[in-house]
1. On full extension of the chain, what length is gained from B:Leu132 through B:Lys162, given 0.36 nm per residue of separation minus the C-alpha to C-alpha distance?
2. Quick one: which residues, 5+ away or cross-chain, put their amide H under 5 Å from the amide H of B:Lys482? H built at 1.01 Å from N.
3. For the pair A:Glu121/B:Leu240, report the inter-label distance in nm, with labels modelled 7 Å from Cα in the Cβ direction.
4. Calculate the FRET efficiency for B:Ala495 and A:Asp10 from the Cβ-Cβ distance with a Förster distance of 45 Å, rounded to the nearest 0.05.
5. Using Cβ contacts closer than 10 Å as the measure, can you line up B:Phe411, B:Phe550 from fewest to most?
6. Under a 5 Å amide H to amide H cut-off, with H placed in plane at 1.01 Å, what residues pair with B:Leu434 once short-range neighbours are removed?
7. Over the Cα atoms of the stretch B:239-331, each weighted equally, I'd like the Debye log10 I(q)/I(0) at q = 0.10 Å⁻¹, rounded to two decimals.
8. Can you give the FRET efficiency for B:Asn247 and B:Glu81, using 1/(1 + (r/R0)^6), R0 = 30 Å, r = Cβ-Cβ distance, to the nearest 0.05?
Amino acid sequence: MKELVLIIEDNPENMYLMRYLLENHSYEVEGVITGPEGIEKAERIVPDLILLDIQLPGMDGYEVARQLRQNPVTKTIPIIAVTSYAMIGDREQALEAGANAYMEKPINPDTFVADIEKIMENIIK
Amino acid sequence: MIFRSNRQKDDQLTGWLKIWCMLIFLFLSGFLLAQTRTVKVGISQNDPKMFIEPSGKPAGIFIDILEAIAAKEDWKLEYYEGSFDAIYYRVAKGDLDLMPDVAISPTREKDLDFHKEPVLSSWSQIYTRKGLEINSILDLDGHSIAVLEKSIQQNVIESWIKGFGLKVKIIKVHNFDAAFAAVANGIADCAVSNYLYGRRHCKQYGLVDTGVVFEPATLYFATTKGKNQDLLDAIDKHLLTMKKVPNSAYYAALKRWVSKDEGFMLPAWLKFTILIVILALVLTVIYGLTLKHQVNIRTLELRKSNQEMEQRIIERTAELEKAMLKAKEADMLKSAFLATMSHELRTPLNSIIGFTGILLQELPGHINEEQRKQLTIVQNSAHHLLDLINDILDISKIESGQLDLHYESFFLNDSIDKVVKIVMPQAEKKGLELKVEISQSELEVYCDKRRLEQVILNLISNAIKFTETGYVAIIVHSEEDKYQIQVQDTGIGIAPEDLEQLFLPFHQIDTGLTRQYEGTGLGLNICLKLINMMGGTITVDSIPGKGSIFTVIMPYKKEFTG
């Protein structure tokens, strides 16, 4: 059975990039643009992993992570925060909000899927 | 019957009552008559023996003595004023009861009754202005003299003029005041008065007494002939008593009226001095008041300027607060701008690097060699652009104070291992040896781990970049309160003239091989800033053609954060 990844990302090119890489590595991908959509979708499909952009319009990624963690249905789903924020403290803030790991943009297409799999292994452990 | 007898009784009662009433009346009136005697006293102006004060009240030696006697005898005194002659006439006639200050003469004894004990002894004396020597009657020759008209004194002076053949001009006046004033004003050379008046007033007019004394007389109260013996007896009785007692009303009157003015006769120099002192006091008070007024004005001015200052301070503080708020807002804006820039610049780079990578991976399909070469250039340029963006953001953050340091304790060995792992592929690619020498197996340090690693990575990357053969060494020394990280290489080295500018932004040494050593030109500047922020120093030694040594010295404890 294919593993299901939910990508919450408002930039269509980045969405396309991540979706392309994951689908080429036999992942099933669902994509939404906004935080509320992501929360609603996560509760409904219960994915194996959520890739969460932090810089989202309206509700930001930190808030989305917090709400996902408060919901009993979604609270155990692994979340990787993906952000172009390079400010110090972003990483800590993302982890505090409930993300399991942090990935910095721009992603390295050569190692993207391998990095994700490594993170997943660590989380499951 | 009963009624009649009652009426008889009533008549009897009325009779008794009448008799009783009469008796009581007689007794009372007799009592009243015996106790209160109204005495009409005639007085004329003869200061200080008797006179009417400006307030209208009788005063003088005789009056004081008479009042004292009257108080004891319960006499009611009524005063009548008039000239001596008029009073004399009225008393002699019986119109008035009593007159004071009368000298006994055979003529007067015919008109009036006198008591026995004299009240005062008095005499006449000649007074003159200072500097005029009048020591005897003969000295009066050639001078003018002011005399009371129709007085005994006038008669005496006239007899002298006749008797001694003197040339003396008599100026007739109506009272002693006028006589003394005449001398004071230069109208007369001398004046005659009784010694009581003279003694009391001569200094007031600037006159001095002379040795010319005459007409001694004893003075009495006089009454209407044969009519007021009770008054005379009482006066005698009390005078005798009073004269025996030192502090009696008699002596009090003498003291009061004879020596009073003498007490006031201050020497001219003393008067002058007192005047000066008073003037000085008044001036002092005025000066004091003026000073106080000025002080008050200054105080008000100060208070006003103080208030203005306070107002200014409040305004300035408000302005500063506003400016501070603006600056804070600007800082926040800058911070937000940097975050946005970071995001907005990375997002398209994310696509470029990402899809270039996908194409190079040949995930969508096969690419030929030319396509691979060109896509690789796109990828490298994109990475270079990303490095530039990251460095610029770092510098911006440091310069605007947005870069926060996160201090923690960690083992320096671990960080060095981590960095070595990252750069190992590059070193191996160039065939360089990568040496690590650390004096301690577990060297615990305290600073911002990520930033220190960033610096070490930068220095080692640079060393590898500029070294073609030989080695790159990382040598760590620990000292008491600081540690030293050295990065040595056997590379191209740096010319002495370039060393100074090495840490400036966008400075990359011109080797003529610039394209060979691609970099942002910001790395060392960032290293310097980060190390300085953490309280450390970074220095460089180099021999061109032989190699370079970069030395970072860091304190163990946090000493300075910029």
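1. Values: separation 30, 0.36 × 30 = 10.80 nm, distance 2.29 nm.
Difference between extended and current length: 8.5 nm.
2. Counting only residues 5 or more places away or on other chains, the set is B:Tyr556.
3. Each label point is offset 7 Å from its Cα along the Cβ direction, giving 15.7 nm.
4. The value I calculate is 0.35.
5. Ordered by Cβ neighbours within 10 Å, fewest first: B:Phe411, B:Phe550.
6. The list, which skips near neighbours in sequence, is B:Val472.
7. -0.67
8. Computed FRET efficiency for B:Asn247 and B:Glu81 comes out at 0.45.
A short reminder: the numbers here are calculations on the coordinates, not readings from a lab. Just so we're clear, the structure is a prediction, and the values are computed from it rather than from any experiment. Positions of Cβ are generated from backbone atoms using ideal geometry, with glycine treated the same way; all protein chains shown enter the neighbour counts.
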